[in-house]
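Let me begin by presenting the structure, written as structure tokens, before commenting on it.
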Amino acid sequence: MMHEWPVLTSYDQNHLARIALPLGGIGTGTVSLGGRGNLRDWEIMNRPAKHFVPGIEKRSAPFFAIFTKQSDGTRDTRALEGPLELAEYEGAMGCPSANHGLPRFRQCSFDAAYPFGQVRLADPEMPVRVCLQAFNPLIPPDADASGIPVAILRYNVTNLTDAPLEAAICATIPNFIGIDGSETARNWQGGPQARGACQNRNSFRQGQQAQGIFMDSQGVAQDSPAWGSMAIATAATETTVSHRTAWAELSWGDSVLDFWDDFSDDGMLDERPAGKDDSPTASLAVGRTIPPGKTQSVTFLLTWHFPN
């Protein structure tokens, strides 16, 4: 059952561009939830990093996507974000916004009551309506519980059709440990030749209460503020969870196209071999069968540990 959250302020689609709701425990750094459902301002490595979005130069910046398959076999796949502002298409070298080439929902609004943020997504061509409920631990006066480095993202998907519907939600995060958004960009020891191949590593882990992809690094100095670990996990324990610990290493936009075609086929992910990418991209997908007119949820946990 999806409980109603408090709402102090609501923003319509024309007033989303400047929204950035910080997610993360007190004193742990934050990732901000943007007004259209994007993740921005990645400030988890012990320094301010406003406007920093990892992986944008490789076209593998963080995003979430949804796959749906209706009873007649019709398939749809969209990024779980609202439309871009028109001004975001004005870059000298094309659109500078992360994941600008992905299809997305046409209608979007944002409800806020910190630490809760809700992004409501709809599209007349989609058989579902989605509400992203994002929050971080904030439990007065429990400082320990309020200082857990985690952002919780719960996607509530409502089947608008009169038949059961298959759906899957997929999270994609690059392993950017060592890249803190500063001018120097990387806190590695040595240059590219000294780092060797694939110094950042992703591995799939499965437990009794969660499963997901753990990210660490062998190439970042262990006394660096940008040294640590990350994970993208789900509380789902079903067998409908699939993953990639790396994207295919292809040229131009073919890596994201390979991912998109794979996920759009059946909502499941096929693994790709780890290559020489220093920042391998991880994807984690969770499938659901949603009865007609009903809502089901998928919860993701974005966690990090940068102790220096």
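The values are calculated or read from the model by the stated rules, or taken from the named source; none is laboratory data. Just so it is clear, the model here is predicted, and its values are computed rather than measured. Counting neighbours? That spans all protein chains shown, and the Cβs are built from the backbone with ideal geometry, glycine included. For accessibility, only protein heavy atoms count, side chains too; no ligands or nucleic acids. Shrake-Rupley method; radii C 1.70, N 1.55, O 1.52, S 1.80 Å.
When only the heavy atoms of the protein chains count and the probe is 1.4 Å, how do TYR11, TYR155, TYR89 rank by accessible area, highest first?
Of TYR11, TYR155, TYR89, the descending order of accessible area is TYR89, TYR11, TYR155.
To the nearest 0.05, how large is the calculated FRET efficiency for ALA92 and ARG18 if R₀ is 25 Å and r is the Cβ-Cβ distance?
E(calc), rounded to 0.05, equals 0.65.
How far is it, in nm, from the label point at GLN206 to the one at ASN308 when both lie 7 Å from their Cα along the line to the Cβ?
For GLN206 paired with ASN308, the spin-label model returns 3.5 nm.
Please state the relative contact order of the stretch 197-308 as a whole percent: Cα pairs under 8 Å, 6+ residues apart?
Details: 222 pairs, mean separation 38.3, N = 112.
RCO, the stretch 197-308: 34 percent.
Any idea how far the Cα center of the stretch 219-255 sits from the one of the stretch 127-175, in Å?
18 Å
Which residues in the stretch 119-160 place their backbone N less than 11 Å from a point set 7 Å from the Cα of GLU85 along the Cα-to-Cβ direction?
So the set is empty, nothing qualifies.
When you count, for each residue, the other Cβ atoms within 10 Å and take the mean per peptide, how do 136-143, 41-48, 101-108 rank with the highest first? Mind showing how you got there, number by number?
Numbers: 136-143: 13.1, 41-48: 20.2, 101-108: 17.5.
Ranking the peptides 136-143, 41-48, 101-108 by packing returns 41-48, 101-108, 136-143.
Expressed as a whole percentage, what fraction of the accessible surface of the chain belongs to carbon and sulfur atoms when a 1.4 Å probe is rolled over the protein heavy atoms?
Here carbon and sulfur together make up 52 percent of the probe-accessible area.
In whole Å, what are the extents of the chain along the principal axes defined by its C-alpha atoms, from largest to smallest?
The principal-axis extents, from largest down, are 58, 48, 47 Å.
By its C-alpha gyration tensor, with a ≥ b ≥ c as the square roots of the eigenvalues, how is the stretch 66-162 shaped: rounded for a/c under 1.5, else prolate for a/b larger than b/c, else oblate?
oblate
For helix 254-266, what angle does its Cα long axis make with the longest principal axis of the chain, in degrees from 0 to 90 and rounded to 10?
With both axes taken from Cα atoms, the answer is about 40 degrees.
Hey, can you find the accessible area per residue of the chain for me, probe 1.4 Å, expressed in square angstrom? Show your work: numbers first, answer last.
Details: 14400 Å² over 308 residues.
Normalised by residue count, the accessible surface of the chain is 47 Å².
Could you name the lysines whose alpha carbon sits less than 27 Å from that of LYS69, not counting residues in the same chain fewer than 8 places away?
Answer for LYS69, where 27 Å is the Cα cut-off: LYS294, listed by chain and number.
Hey, with R₀ at 41 Å, roughly what FRET efficiency would TRP252 and LEU8 work out to, going by the Cβ-Cβ distance, to 0.05?
E(calc), rounded to 0.05, equals 0.40.
Mean separation of Cα pairs under 8 Å and 6+ residues apart, divided by the residue count of the stretch 22-119: what relative contact order is that in percent?
21 percent
Say each of THR289 and LEU160 gets a label point 7 Å from the Cα, pointing the same way as Cα to Cβ; how far apart are those two points in nm?
Those two pseudo-labels are separated by 2.4 nm.
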